[in-house]
Amino acid sequence: MTREEALESIKANVENQNLVKHMLATEAIMRALAKRLGEDEEVWGLTGLLHDIDAELAEGDKNTHSKLAADLARELGATESMAHAILCHNPRHGIPLETKLDKALVCADRLTGLITAAALDRPDKKLAGLEAGSVLEKFEDRSFAVAANREDISQCSELGLELGELVELGLVAMQGIAEELGL
Ligand SMILES: [Fe+2]
């Protein structure tokens, strides 16, 4: 599967542009994580890009969400390990995170929410001037962006990454596509 094919399928299945931006942000962080950890950037990036492709198809049914996405990803040519990561990023299925790819996707998915909320909390609502230190402060403030699950983000330790390094890496990755993200 090429990135263009993945994007075409996203276009066909996702109308909400904020959701598309979330998937692009997750892709960017996954690519940066793969680079840092010596993993396959294309495989990790495409897993991040496709992970929520079924969010509208599932129509808010959390018991279906990510099952459909894993199937769609397989149809596009994703490997079983990519499909597994997509499937288990939704905790509703109770499938344990096994591989580095599984854990990275959960970290990246939740981190995009925290970083986006931190950017939108700035007067200019931009990523450019946002610093990792202030994202870390937001991380500690549990009443801020409550949907960004801190325990999931903290799983970066299982990838051999300190929280500070993950946040820095994620922030730089998202700043790199700030224009696409409209932030
Ligand atoms: Fe997501």
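Things worth noting here:
- Potential lengthening between residue 61 and residue 131 on full extension [0.36 nm per residue; Cα-Cα distance subtracted]: 21.6 nm
- In region 1-65, the portion of solvent-accessible area held by carbon and sulfur atoms comes to 45 percent [1.4 Å probe, whole percent, DNA, RNA and ligands not counted].
- Accessible surface, per residue, of region 6-158 when the full set of protein chains is kept, probe 1.4 Å, Å²: 47 Å²
- Peptide packing: for 141-149, 47-55, the average count of neighbouring Cβ atoms within 10 Å per residue gives the ranking 47-55, 141-149, highest mean first.
- Once divided by 2.2 N^0.38 Å, the Cα radius of gyration of the chain becomes 0.95.
- Pairwise alpha-carbon distances in region 1-108 exceed 22 Å for 20% of all pairs.
- Efficiency of FRET between residue 141 and residue 19 - r from beta-carbon atoms, R0 25 angstrom, step 0.05: 0.50
- Span-like helix ranges in the chain, DSSP H, alpha carbon extent 20 angstrom or more, Kyte mean at least 0.5: 100-120
- Inter-part distance where region 85-140 and region 33-48 are each reduced to a Cα centre, Å: 16 Å
- Heavy-atom accessible surface of region 86-183: percent carbon and sulfur, 1.4 Å: 51 percent
- Nearest-0.05 FRET efficiency for residue 93 and residue 11, computed from C-beta distance (R0 35 Å): 0.85
- Compactness of region 122-183 - radius of gyration and Dmax, Cα, Å: 12.1, 35
The values are calculated or read from the model by the stated rules, or taken from the named source; none is laboratory data. Note that the coordinates shown come from a computational prediction; the quantities given were computed from them, not determined experimentally. Ideal geometry is used to build each Cβ from the backbone, glycine not excepted, and the neighbour counts take in all protein chains shown. These accessible areas exclude ligands, DNA and RNA; they are computed on the full protein's heavy atoms, side chains included. Shrake-Rupley method; radii C 1.70, N 1.55, O 1.52, S 1.80 Å.
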